[in-house]
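Asks: Next up is a structure, given as structure tokens.
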Amino acid sequence: MIEIEHVSKWFGDFQALKDCSLNVEQGEVVVVCGPSGSGKSTLIKCVNALEPVDEGRIVVNGIEVTTRRTNLPKVRAKIGMVFQHFELFPHKTVIENVTLGQIKVLNRSAEEAREKGEQLLERVGLADQAEKYPAALSGGQKQRVAIARALAMDPVAMLFDEPTSALDPEMISEVLDVMVQLAQEGMTMIVVTHEMGFASKVAQRVVFMDQGEIVEVQETDRFFKRPETDRAQYFLSRILHE
Ligand SMILES: Nc1ncnc2c1ncn2[C@@H]1O[C@H](COP(=O)(O)OP(=O)(O)OP(=O)(O)O)[C@@H](O)[C@H]1O
């Protein structure tokens, strides 16, 4: 479903991704972890075509996202992305945030978009916040709006870039709960996170990145019991004892 084939990417002279390959199956949840600067965000931005790749290709649900295309917003909309800092439209209400893309990119009518938006806000527990502006919401609520907004586009897969790392500790579980539910419903997901509790509960596989390389791809249980590489072992021992 998500095929990443020999992807390399440079920022100027700096190689941020080095020959990265990974296949994510339909309905699979893969957690990507690794030290700061290892290329995790860059990798998933490439999957959503937010960053162009220099070598290799990425195919999502049969569509190559790494070719230059004119209908990029439509392709991108089908691959939902949730960012660390929410990236909501600050001057739009919650319901407008959730309907805008549906109207502009998917050409849905305002009524259809609103109905879908309301259903999704209900699903993430925010039905009563529809008319508020993002500034009036907590971080956990903002992130749930961001998830609802991505889901409103009927994505074939969802990408999460450290979705809980900007949240106060007490809000982390309200966002993770929504993600767990999505996973249980069979959504294909790539999740960049250091939430190893989430990884061990939900992910089928864990990808460990370091210095732009995919160093290790392991079944989750195995990764936590016995990572194959010293680099992954060292990383795990550090974050599990933080
Ligand atoms: N737009 C950019 N221009 C130049 N360098 C960049 C750009 N984006 C990322 N980088 C560099 O590429 C490397 C990988 O960055 P990336 O954000 O993918 O890492 P990460 O593993 O997600 O890190 P973190 O956990 O800190 O978010 C870093 O060294 C970063 O400084």
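The values are calculated or read from the model by the stated rules, or taken from the named source; none is laboratory data. Predicted, not measured: the structure shown is a model, and the values here were computed from it. Neighbour counts run over all protein chains shown; Cβ positions are idealised from the backbone, glycine included. Each accessible area value is taken on the protein alone, full model and side chains, heavy atoms only, with ligands, DNA and RNA left out. Shrake-Rupley method; radii C 1.70, N 1.55, O 1.52, S 1.80 Å.
Asks: Of everything in segment 1-46 that's of a type in the set (Ser, Thr, Tyr) and within 12 Å of the ligand (Cβ to nearest atom), which residue is farthest from ILE79 (Cα to Cα)?
Replies: In this case the residue turns out to be SER36.
Asks: Does VAL60 fit the bill of being free of Cβ contacts under 8 Å to residues at least 40 places away in the same chain, more than 16 Å from the ligand (Cβ to nearest atom), touching a strand residue (DSSP E or B) at 6+ places or on another chain (Cβ under 6 Å) and not polar (S, T, N, Q)?
Replies: Here the answer is no, as VAL60 does not meet what is asked.
Asks: Shifting gears a bit: It is to be established whether one or more residues within segment 62-69 are open to solvent by 30 Å² or more (accessible area, probe 1.4 Å) and within 16 Å of the chain's Cα centre (by Cα).
Replies: No, segment 62-69 has no match at all.
Asks: Does ASN97 satisfy the criteria of being over 17 Å from the mean Cα position of the chain (by Cα) and more than 16 Å from the ligand (Cβ to nearest atom)? Break it down into steps so the answer makes sense when it comes.
Replies: Details: over 17 Å from the mean Cα position of the chain (by Cα): yes; more than 16 Å from the ligand (Cβ to nearest atom): yes.
So ASN97 passes the test.
Asks: Taking GLU87 as the residue in question, decide whether it is among the acidic types (Asp, Glu), open to solvent by 20 Å² or more (accessible area, probe 1.4 Å) and within 16 Å of the ligand (Cβ to nearest atom). Please lay out each step first, then the result.
Replies: Numbers: among the acidic types (Asp, Glu): yes; open to solvent by 20 Å² or more (accessible area, probe 1.4 Å): yes; within 16 Å of the ligand (Cβ to nearest atom): yes.
Yes.
Asks: If you don't mind, another one. Among (1) small (Gly, Ala, Ser); (2) more than 24 Å from THR188 (Cβ to Cβ); (3) more than 11 Å from the ligand (Cβ to nearest atom), where does ALA49 come up short?
Replies: Every listed condition holds for ALA49 apart from (2).
Asks: Just to confirm my filter: which helices (runs of 4 or more DSSP H) fall fully inside segment 39-113 and include at least 1 residues that are among the polar types (S, T, N, Q) and assigned by the TED database to the domain that holds LYS18?
Replies: Ranges flagged: 40-47.
Asks: So which residues in segment 114-159 are in contact (Cβ under 8 Å) with a residue 60 or more places away in the chain and not in a loop (DSSP other than H, G, I, E, B), if there are any at all?
Replies: Within segment 114-159, GLN143, ALA146, ILE147, ARG149, ALA150, LEU151, ALA157, MET158, LEU159 meet the criteria.
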